[in-house]
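Peer 1: My questions all concern the structure below.
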Amino acid sequence: MMNYDRILSQMRERIASFEIQINEALRAAGRTRDELTVIGVSKFFPPEYARAAYELGFHDLGENRVQEMLEKMSALASQDLYPNWHLIGTLQTNKVKSVVGKTALIHSVDSIRLMDEIASKSESSGVTSDILLQVNISREPSKHGFEKESLDEAIDRANALSGIRLIGLMTMAPIMVDRPSEEADKCFSELRELFNRHRANVKNTSDWKVLSMGMSQDYSLAIRHGATHIRVGTAIFGPRTL
């Protein structure tokens, strides 16, 4: 196991390079760094990597799996480190009670049934959970999310519920080897259009402010199309071996 100082050193180098690229993408889009939240995703990496990211300035951390998030949350809390935790992966209804009140934002609400469960568990716990609707823009069978035609119904349902606050949309572009940038470009452009189109439909338009899209391989395109949150793993933590 690599010692912590070595982890910190290697990540510091990656982050320095990453920040240069991020700032270039923001300048090209006519935007500033304070308009973008970068979520460090340490999926499959030990808690020491999440700790290093936090200590190097990434105070928003994300996980795909509930159990992994809870384990890292506990590990960092034991060192008095309290990042804003984002759940970005699939959430099963039977695990909702484990995350309510512990996350800054649930990105992956992909059904009305899940939304209802989050609202119910949040209300009974006396908290309000911020959520995003995951949209399957690319219509890939392997991906979860609402189809764009069903967003009206989902937003109407969110407006009627207590215990949740709907604050935006999330999507994932198709992941392909040597994927043409046009695929991601089209995906992000369409989500931005949906975001703008549905602003008037949400209960509190001032809450409608998050556009979560873009990962290590396509965040520059996402930034161009107005992403407020990008979810970055490899560019910060290095290649995964699992």
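The values are calculated or read from the model by the stated rules, or taken from the named source; none is laboratory data. Predicted model only: the values in this text are computed from it and were never measured. Neighbour counts are summed over all protein chains in view; Cβ atoms, including those assigned to glycine, are modelled from backbone coordinates with ideal geometry.
Peer 1: Please work out which residue is nearest to THR171 (Cα to Cα), limiting yourself to region 61-114 and to residues that are among the polar types (S, T, N, Q) and touching a Lys or Arg at 6+ places or on another chain (Cβ under 8 Å).
Peer 2: Keep residues of region 61-114 that are among the polar types (S, T, N, Q), which gives 64, 67, 74, 78-79, 84, 90, 92-94, 98, 103, 108, 111.
Filter once more, keeping what is touching a Lys or Arg at 6+ places or on another chain (Cβ under 8 Å): 64, 79, 93.
Working: ASN64: 14, GLN79: 33, THR93: 20 Å.
It comes out as ASN64.
Peer 1: Given (1) out of contact with any Lys or Arg (no Cβ under 6 Å at 6 or more places or on another chain); (2) at pLDDT below 95, identify the lone condition not met by ASN136.
Peer 2: Status for ASN136: all satisfied but (1).
Peer 1: Taking the condition buried (at least 20 other Cβ atoms within 10 Å of the Cβ), at pLDDT 95 or above and closer than 30 Å to LEU56 by Cβ, does VAL210 pass?
Peer 2: On the way: buried (at least 20 other Cβ atoms within 10 Å of the Cβ): yes; at pLDDT 95 or above: yes; closer than 30 Å to LEU56 by Cβ: yes.
Here the answer is yes, as VAL210 does meet what is asked.
Peer 1: Now for a separate question. Mind listing whichever residues of region 101-128 are closer than 15 Å to GLU63 by Cα and in contact with a strand residue (DSSP E or B) (Cβ under 6 Å, 6 or more places away or on another chain)?
Peer 2: Our first condition is that a residue be closer than 15 Å to GLU63 by Cα; within region 101-128, this holds for 102-109.
Correct list: THR103, ALA104, LEU105, ILE106, HIS107, SER108, VAL109.
Peer 1: Here's something else I'd like to know. List the pairs whose first member sits in region 98-122 and is more than 19 Å from VAL210 (Cβ to Cβ), whose second member is of a type in the set (Asp, Glu) and not in a loop (DSSP other than H, G, I, E, B), and whose Cβ atoms are under 8 Å apart, counting only residues at least 6 apart or on separate chains?
Peer 2: Once the first residue is more than 19 Å from VAL210 (Cβ to Cβ) and sits in region 98-122, its partners that are of a type in the set (Asp, Glu) and not in a loop (DSSP other than H, G, I, E, B) give ILE112/GLU153.
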